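Notes follow once the structure below has been shown.
Just so you know, all these numbers are worked out from the coordinates, no wet-lab data involved. Computed from a prediction, not measured in an experiment: that's the story for all the values here. As a convention, Cβ positions derive from the backbone with ideal geometry for all residues, glycine included, and neighbour counts pool all protein chains shown.
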Amino acid sequence: MLERYLIEHCAPTLASLKTANLFSLNFSSEKNFDKQFNKWNCQLGKKGISLLLLHRYQQTALIYVYRRGRLQNDLCKPGVAAFLAQYGYASTDVEYALLRLKERFGVGDKFPHEIGLFLDYPLGDVVGFIENEGRNCKLAGCWKVYGDARAASKLFAKFKKCKDVYSRLWSEGRTVLQLTVAA
C-alpha cells in the first residue's frame with residue numbers, strides 16, 4: 001500500500017528532482033501501518049531518503065518524504081531563516097526545523113503554510129500564498145505560484161513527466177528501490 005503512494009506522490013523526490021513530497025494516507029491497522037512505515041524508512045534510508053510522520057489523526061497519517069542534504073541546503077537559502085523565525089523557528093538545522101514543523105501541526109487548527117519551504121517551493125511563492133491567503137496566484141500546479149510562473153510551469157511539467165514515467169515503470173514491475181536515485 002505505501003509503495004503505491006510513494007510512486008504516485010513522491011516520484012520527483014525519489015528521482016532526486018525535488019527535495020521532498022508530502023502525502024496523506026488512510027490506514028485500517030495501526031500495527032500494519034507502523035510496520036510498513038518503518039520498513040520503507042529503513043530501505044529508503046540506504047538511498048538517502050527519510051520518511052517522517054508529521055501528523056497522525058485517528059487512522060490518517062501525514063507523511064513527509066525528504067532528502068536530508070537537499071533540505072539543509074534549502075533551509076540555508078537567503079531569507080529562509082528570517083522568514084521561519086516569524087513562526088518560532090530558532091534554527092534552520094534540519095533536525096530542529098523538522099521537530100518545530102511537527103510541533104506546528106499540533107497547534108490549533110491552522111495548517112503551517114511554511115511547510116512549502118520544506119517541500120522545495122520558492123520563498124516568494126510561500127510568502128505570496130500566506131499574504132494572499134491562497135488567492136491571486138499567477139499559476140496553480142504543484143503549488144500556487146506568485147513569482148516566476150514560467151520557471152514553475154517548466155518544473156511542474158518535469159515533475160508530471162517523472163511521475164508518469166515512474167508510474168509506468170512501477171506498473172511494469174520495477175520496485176520503488178530500483179527507481180530511487182541514491183544520494
Among the helices of the chain (complete DSSP H runs), which have Cα atoms covering no less than 20 Å along the helix axis and a Kyte-Doolittle mean of at least -1.0? 149-171
Under unit Cβ charges (Lys, Arg +1; Asp, Glu -1), what dipole magnitude, rounded to 20 debye, does segment 79-127 have relative to its Cα centre? 140
Kindly flag which residue pairs out of 18/154; 39/161; 110/144 have an alpha-carbon separation exceeding 20 Å in this structure. 39/161
Counted neighbours (other Cβ, 10 Å), sorted fewest up, put 92, 180 in the order 92, 180
Length gained when the stretch residue 131-residue 85 is fully extended (0.36 nm per residue, less Cα-Cα span): 14.9 nm
So if I take the centroid of the Cα atoms in segment 102-147 and the same for segment 14-44, what is the distance between those two points in Å? 23
Which value, in debye to the nearest 20, describes the size of the charge dipole of the chain about its Cα centre when Lys and Arg Cβ atoms bear +1, Asp and Glu Cβ atoms bear -1, and nothing else is charged? 580
So what J values fall out for segment 16-21 if you push phi through Karplus, 6.51 cos²θ - 1.76 cosθ + 1.60 with θ = phi - 60°, rounded to Hz, Gly and Pro as x? 6, 9, 9, 5, 7, 9
Given (1) 56, 33, 24; (2) 86, 47, 26; (3) 43, 35, 28, which label gives Cα extents along the principal axes in Å as computed from the coordinates? (3)
